[in-house]
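For reference, the structure is listed below as structure tokens.
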Amino acid sequence: MPAWTWLVPALSFGLLLVAAAVGVGTLLAALCGVGLIGAVIAAVHHAEVIAHRVGEPFGTLVLAVAVTVIEASLILAMMIAGGDQMAELPRDTIYAAVMIICTGVVGLCILVGGVAHREQDFRAEGAAAGLAALMVMSALTLVLPAFTTTTAGGTYSTMQLEFVAVASLALWAIYVFIQTVRHRDYFIPAASATDPEAHAERPTVRGAWASFGWLCVSLVTVVGLAKMLSPTIEHGVAMAGAPRAVVGIAIAMLVLLPETWAAVRAARANRLQTSMNLAIGSALASIGLTIPVVVIAAVALGLRLVLGLEAKDLVLLALTFIVSAVTLASGRTHVMQGAVHLVIFAAFLFLAIVP
């Protein structure tokens, strides 16, 4: 194991402990930003080591689930600390994650892959199944609360929350089952001659476990530093006069950096299937794991939970899924499709700042 792969996350974790102890000043904020980027690079390296050892699609599943579990823990901690003031945080975070992944990450991967290789292939069967599940999850958690009549203000009743939590978790579990057992071949990328890691010697079991440990340290550090930097980001957003929802977007982008980096690297190496596995799997895990945790906390602690999106966001979400269905239908991509997704991503960011 190269020295930097454990030294960088160790130093970044040390910065996190210092920031937690003394607070984040201007200089420390800059150092934390550098440490966050280093932790992201280290996390991607260790995730790729694990992926090479266990094979696809288990490797991408490890990174997606690890990031989502820590993200859900972060949301839960902020909800408990903030009470009703954080009632919209889960909605904003999940919506931002879905939009960032389905437009930003997917668009960037397709564009980078198209520039490097003209056209790329992936298994449409697996991607279509994941997108269908994501559309249903998003409708249940983000769309229907804006139209149900049992409670007002974009909220669900307790019984409705419990149903949505069970349905989301069930869909995610079924997707993981077909991804890893029943239809695993739908998610396995073909070896690429342009990818030097595809034919490299498999890591040892001991090396894979070591990478798993450092992956956990790196991901905890990424999320922790993102939380430490969030007040600085919030202050900057307030100074710019932008809506508070922009803070959630910025934090979501920081948390999703490891997956984004890994997905773009895979697309550049002509392994778009791996990129799609990461992107769709991360979006599904973001809802399928986060919503049950949030619902349990809201019901047990009596916290108010606002899930329904506003009209502008509903339109953007619908547009994203329509374009994604067109993109994933053929199993082949080129730069135009990537450009379309990135334009929607730009519109999402712009309208979040200028609603």
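The values are calculated or read from the model by the stated rules, or taken from the named source; none is laboratory data. These numbers were taken from a predicted model, which means no experiment stands behind them. Please note: Cβ atoms are built from the backbone with ideal geometry, for glycine as well, and neighbour counts cover all protein chains shown.
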Criterion violated by L307 - all others in (1) within 27 Å of V164 (Cβ to Cβ); (2) modelled with pLDDT of 90 or more; (3) surrounded by fewer than 22 Cβ atoms within 10 Å (Cβ to Cβ); (4) in contact with a strand residue (DSSP E or B) (Cβ under 9 Å, 6 or more places away or on another chain) satisfied: (3)
So, in segment 1-14, exactly how many residues are farther than 12 Å from S218 by Cα and assigned to a helix (DSSP H, G or I)? 2
Taking the condition under 30 Å from H46 (Cβ atoms), modelled with pLDDT of 85 or more and of a type outside the set (A, V, I, L, M), does T320 pass? no
Considering only residues that are within 20 Å of A165 (Cβ to Cβ), part of a helix (DSSP H, G or I) and either of a type in the set (G, A, S) or in contact with a Gly (Cβ under 9 Å, 6 or more places away or on another chain) (or both), which ones fall in segment 75-95? A77, L89, R91, D92, T93, Y95
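Residues of segment 141-182 being part of a loop (DSSP other than H, G, I, E, B) and either among the small types (G, A, S) or in contact with a helix residue (DSSP H, G or I) (Cβ under 7 Å, 6 or more places away or on another chain) (or both), which ones? Before you say what the answer is, go through the steps one by one.
First pass over segment 141-182, keeping only residues part of a loop (DSSP other than H, G, I, E, B): 147-154, 156-157.
Scanning segment 141-182 gives T148, T150, A152, G153, G154, Y156, S157.
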For S192, state whether it is among the polar types (S, T, N, Q) and modelled with pLDDT of 90 or more. no
Counting only residues in segment 121-134 that are surrounded by fewer than 19 Cβ atoms within 10 Å (Cβ to Cβ) and among the aliphatic types (A, V, I, L, M), the one farthest from V326 (Cα to Cα) is identified as A132
For E71: the one exception among (1) at pLDDT 75 or above; (2) crowded, with 24+ Cβ neighbours inside 10 Å; (3) under 30 Å from G154 (Cβ atoms); (4) not aliphatic (A, V, I, L, M): (1)
If we scan segment 36-51, do we find a residue that is within 20 Å of the chain's Cα centre (by Cα), crowded, with 16+ Cβ neighbours inside 10 Å and under 14 Å from L229 (Cα atoms)? yes
Report, by residue number, each residue of segment 234-288 that is more than 19 Å from the chain's Cα centre (by Cα) and among the aliphatic types (A, V, I, L, M). V237, A238, M239, A240, A242, A269
Which of the residues belonging to segment 111-140 are in contact with a helix residue (DSSP H, G or I) (Cβ under 6 Å, 6 or more places away or on another chain) and acidic (D, E)? E125
